[in-house]
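Trainee: First the structure, then my questions, so here it is.
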Amino acid sequence: MTGSMQHLIVAPVVLPIAVCAVMLAFNERRRMLKRALSLATTAALMVIAALILWQADKTGVPQVYLLGNWSAPFGIVLVADRLSAMMLCLVSVLGFTALLYSFARWDRSGPRFHVLFLLLLAGVNGAFLTGDLFNLFVFFEVLLAASYGLILHGAGEERTRASLHYITINIATSLLFLIGVAMIYAVTGTLNMADLAARMATVPPEDLMLLEAGAAVLGIAFLVKSGIWPLSFWLVRTYAAAVPPVAAVFAVMTKVGIYIVLRLNSLLFGGAWAETAGFADNWLIWAGFATIAFGVLGILSARTLSRVAGHYVLVSSGTLLAVIGMGGLELTSAMLFYLVSSTLSVGALYLIIEPVERNADEDDIIPGLEEPVFDDEYTGAIEEEENEKGIVIPGSIAVLGGGFIFCTLLLAGLPPLSGFIAKFAIVDALFSGPVISAKAWILITLIILSGLTTLVALTRAGIDLIWTPAEDSPVHLNVTEIVPIGLLLAACLVSMILAGPIFSYMEAVAADLGDASLYIDAVMNAPRAGEPEMGEAL
Amino acid sequence: MEAVLALAIGVLTASGVWLVFRPRTFQVVLGLALLSYAVNLFILAAGRLRTDAPPIIGKDVVDPTLYADPVPQALVLTAIVISFATTALLLVVLIASRGLTGTDHVDGEDDQ
């Protein structure tokens with residue numbers, strides 16, 4: 001490994017933060033400059049994520065970056081293995097498209113949108129890369145602090161109310177996070193995930209209960225983020241109140257919680273030590289089922305598309321968590337494919353909702369541009385009139401309708417798109433054993449039921465919003481709105497066409513997750529730069 | 001000393017939880033502040049309670065039992081800064097919500 005490739009791992013965190021610092025120096029009026037900077041950054045993040053993915057897949061062992069060149073259990077490490085690399089790619093694609101979409105007009109409805117957006121990406125990337133529990137807390141706070149700003153973006157009464165709940169819940173959750181971390185540290189004396197996993201075997205039996213309690217408290221913090229029932233009541237309202245590009249990128253934030261649950265569950269309770277193996281599995285399975293059921297009921301009862309999308313996020317989280325609880329190689333790889341597919345498609349749905357609803361009843365829609373709360377923040381930021389008229393695309397209804405049908409097929413899991421492949425793979429993996437358990441039957445039923453209800457709800461909404469002739473002029477669409485939606489749908493299309501190679505990658509990820517010693521060895525034996533093996537690294 | 005610390009954490013947590021469940025936004029903010037004090041004390045306790053033990057090891061002394069665990073102290077510092085900042089942010093949102101909705105109820109509307 002060459003020196004420059006080694007430093008690539010830290011780039012997804014450092015690059016956005018550095019660009020943020022530069023952007024803060026410029027006045028809010030220099031909008032084109034800020035747009036160019038942030039778009040270039042997100043594009044660079046995609047390239048970096050792809051390179052990390054390529055590198056992680058080629059070498060097959062987790063790539064470890066020792067921050068400050070302190071060796072593993074003492075310093076803080078960043079770890080890029082196949083799973084982290086995959087999540088980095090996912091978030092960078094979603095980040096790029098959501099940012100591009102925001103250029104249509106959303107980035108002008110409040111100050112410092114680009115800075116907050118990039119900080120959110122830095123926090124999410126850091127959470128995916130870190131190999132240390134307390135550092136995870138710091139990255140969580142970075143992404144949460146940015147998300148507080150983004151949820152308030154555009155101001156307005158409904159957003160302020162929703163964000164008040166969102167911030168309160170997340171501060172309380174962060175406190176639970178700290179309690180969990182403190183309990184785990186008190187028992188094991190380490191916060192490095194690899195070191196922790198290695199020490200699980202040596203924890204005396206009388207301390208085991210304390211450790212499990214700590215892990216459970218910590219887990220609750222992540223499960224709140226991923227929107228598990230009954231800790232999910234904040235999610236739908238918050239996501240519905242956010243402006244569309246923010247909601248689209250928030251769709252990946254629930255996946256941060258899921259990623260951590262998956263990572264810690266496989267490292268700490270993966271079955272290598274009999275006393276703790278499978279300690280969380282039943283909880284995850286049943287809570288996942290309840291979440292899917294709640295989401296299904298929510299989808300059926302929702303009256304606006306953004307609430308359908310919010311409940312769909314819940315269904316997706318519930319499915320993922322239940323499958324994590326069940327475990328197994330095939331099922332895990334199918335689950336990872338579902339994670340990618342559902343995140344991309346729900347992101348696309350959040351982006352397409354607003355153009356689709358533009359013709360609908362005005363009362364249902366939260367206006368994008370509100371009176372500023374603080375006058376001085378908005379100097380020169382709002383020019384509502386000119387941006388409403390972008391380039392009119394002929395047949396914009398056809399484009400919208402086509403995109404909407406595409407979204408519906410993806411979300412409902414109908415053939416031939418990637419949503420179908422993902423659900424089919426999960427169901428197939430559930431049927432593969434000689435004896436099919438009752439839990440597997442329940443999950444299959446819930447997955448099929450959730451697809452059906454999504455189809456019903458989206459079809460109903462589509463007929464209402466697209467087929468009903470509009471009284472006034474047809475929808476005006478900006479190219480900057482169509483392109484990102486098209487990109488996300490194209491990404492789903494690519495994942496359908498390349499399902500074979502993607503699945504073999506997912507199987508490699510699942511195999512890595514099943515073998516905790518790979519991760520532990522890579523982190524604990526990571527050579528410091530300047531030592532003989534790594535002569536040229538620094 | 002353990003009893004005093006445990007009592008302090010317990011009382012702070014109980015008061016904090018009670019305040020967080022109150023209907024007024026200011027009470028919620030105070031509740032969160034109390035909870036974060038409790039959590040900070042809890043983290044400190046995770047490193048075992050020691051008095052008169054410095055956390056930084058000097059050059060020539062080798063006996064680590066004479067020293068307090070520095071990691072929880074570093075964690076507490078970070079946690080204090082972060083919870084302080086987020087509470088300040090929540091205060092701003094609280095005031096914005098009060099201004100926009102005309103009430104300090106957490107739901108933005110008074111129940112009749």
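Trainee: Does segment A:59-66 contain any residue that is open to solvent by 50 Å² or more (accessible area, probe 1.4 Å) and without any contact (Cβ under 8 Å) to a residue 40 or more places away in the chain?
Mentor: no
Every residue, every condition in (1) assigned to a helix (DSSP H, G or I); (2) crowded, with 22+ Cβ neighbours inside 10 Å, yes or no:
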position: A:5; (1), (2): yes, no
position: A:20; (1), (2): yes, yes
position: A:49; (1), (2): yes, yes
position: A:71; (1), (2): no, no
position: A:84; (1), (2): yes, yes
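Trainee: While we're looking at this one, here's another question. Among the residues in segment A:262-270, are any of a type in the set (Phe, Trp, Tyr) and modelled with pLDDT of 90 or more?
Mentor: No: segment A:262-270 contains no residue that is of a type in the set (Phe, Trp, Tyr) and modelled with pLDDT of 90 or more.
Trainee: What is the residue count in segment A:145-174 for residues that are in a helix (DSSP H, G or I), in contact with a Lys or Arg (Cβ under 9 Å, 6 or more places away or on another chain) and among the hydrophobic types (A, V, I, L, M, F, W, C)?
Mentor: Total satisfying the criteria: 2.
Trainee: Which one of the conditions (1) outside any helix (DSSP H, G or I); (2) under 26 Å from residue B:107 (Cβ atoms) does residue B:17 fail to meet, given that it meets all the rest?
Mentor: (1)
Trainee: Still on this structure, I have one more. Which ones in segment A:161-189 are within 9 Å of chain B (Cβ to nearest Cβ), in contact (Cβ under 8 Å) with a residue 60 or more places away in the chain and open to solvent by less than 10 Å² (accessible area, probe 1.4 Å)?
Mentor: Answer for segment A:161-189, where residues must be within 9 Å of chain B (Cβ to nearest Cβ), in contact (Cβ under 8 Å) with a residue 60 or more places away in the chain and open to solvent by less than 10 Å² (accessible area, probe 1.4 Å): just A:163.
Trainee: Also, quick follow-up: What are the residue pairs meeting all of these: first residue in segment A:2-16, first residue more than 13 Å from residue A:52 (Cβ to Cβ), second residue open to solvent by less than 20 Å² (accessible area, probe 1.4 Å) and modelled with pLDDT under 70, Cβ atoms under 7 Å, and 6 or more apart or on different chains?
Mentor: A:3/A:537
Trainee: Let me ask something else. Pairs only if they're at least six apart or on different chains, beta carbon under 6 angstrom, first in segment B:21-37 and more than 7 Å from chain A (Cβ to nearest Cβ) and more than 13 Å from residue A:165 (Cα to Cα), second outside any strand (DSSP E or B) and open to solvent by less than 10 Å² (accessible area, probe 1.4 Å); list them, first residue then second.
Mentor: B:31/B:16; B:34/B:16
Trainee: Sticking with this one: How many residues are facing another protein chain (nearest Cβ under 8 Å) and crowded, with 21+ Cβ neighbours inside 10 Å when one looks only at segment A:138-147?
Mentor: Going through segment A:138-147 one residue at a time, the tally reaches 2.
Trainee: Let me ask something else about it. Out of curiosity, is residue B:81 buried (at least 19 other Cβ atoms within 10 Å of the Cβ), modelled with pLDDT of 90 or more and within 13 Å of another protein chain (Cβ to nearest Cβ)?
Mentor: Against the criterion (buried (at least 19 other Cβ atoms within 10 Å of the Cβ), modelled with pLDDT of 90 or more and within 13 Å of another protein chain (Cβ to nearest Cβ)), residue B:81 does not qualify.
Trainee: I'd like to know if segment B:88-110 contains one or more residues that are within 23 Å of residue A:148 (Cα to Cα), basic (Lys, Arg) and more than 9 Å from chain A (Cβ to nearest Cβ).
Mentor: yes
Trainee: Considering only segment B:48-55, I want to know if a residue exists there that is at the interface with chain A (Cβ under 8 Å from one of its Cβ atoms) and either in contact with a Cys (Cβ under 6 Å, 6 or more places away or on another chain) or open to solvent by less than 70 Å² (accessible area, probe 1.4 Å) (or both).
Mentor: No, segment B:48-55 has no match at all.
Trainee: Take the conditions within 24 Å of the chain's Cα centre (by Cα) and either modelled with pLDDT of 90 or more or farther than 24 Å from residue A:298 by Cβ (or both) and apply them to residue A:418. Does it pass?
Mentor: So residue A:418 does not fit the description; no.
The values are calculated or read from the model by the stated rules, or taken from the named source; none is laboratory data. Here the structure is a predicted model, which is why all the values come from computation and not from measurement. Here the Cβ is made from the backbone with ideal geometry for all residues, glycine too, and neighbour counts use every protein chain on show. To get the accessible areas, we keep the full protein, side chains included, count just its heavy atoms, and leave off ligands, DNA and RNA. Shrake-Rupley method; radii C 1.70, N 1.55, O 1.52, S 1.80 Å.
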